[in-house]
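The values are calculated or read from the model by the stated rules, or taken from the named source; none is laboratory data. Since the model is a prediction, treat every value here as computed from it, not as a measurement. Positions of Cβ are backbone-derived with ideal geometry, glycine not excepted, and every protein chain shown enters the neighbour counts.
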Amino acid sequence: MFFEEVLEKKYEETFDKVYNNLSHQKKNDKNFSKEDIRNLLESMKIYEGMDKDGRGVVFETTQAATVAALTRLVVEWEEEEKVNQ
């Protein structure tokens, strides 16, 4: 049970860090684009679930959290664009 709690905390910390950092970059970097996030998301998805090198469950947890945060950012960006049209 303890290990599951550690993994959940790691997931939440990673999600929050990725989401907050890229949200900040979006607001403050005029050259940062939705395509930048999409490209990063696609590169992260390639490695999702591929534990061929034995990176383990912690690595997989951080990968999943990163993909989730990137996905949320893309969806939110697209929703903002619809509202602003």
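For the reader, a short list of remarks on this structure follows.
- Hey, Ile37 of a type in the set (Val, Ile, Thr) and at pLDDT 95 or above or not: yes
- Enumerated helices (runs of 4 or more DSSP H) restricted to the chain, each holding at least 3 residues that are loosely packed, with under 10 Cβ neighbours inside 10 Å: 2-28, 56-83
Let's see how each residue does on (1) at pLDDT below 95; (2) of a type in the set (S, T, N, Q):
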{"residue": "Met1", "(1), (2)": "yes, no"}
{"residue": "Lys10", "(1), (2)": "no, no"}
{"residue": "Glu13", "(1), (2)": "no, no"}
{"residue": "Gln25", "(1), (2)": "no, yes"}
{"residue": "Glu42", "(1), (2)": "yes, no"}
{"residue": "Arg72", "(1), (2)": "no, no"}
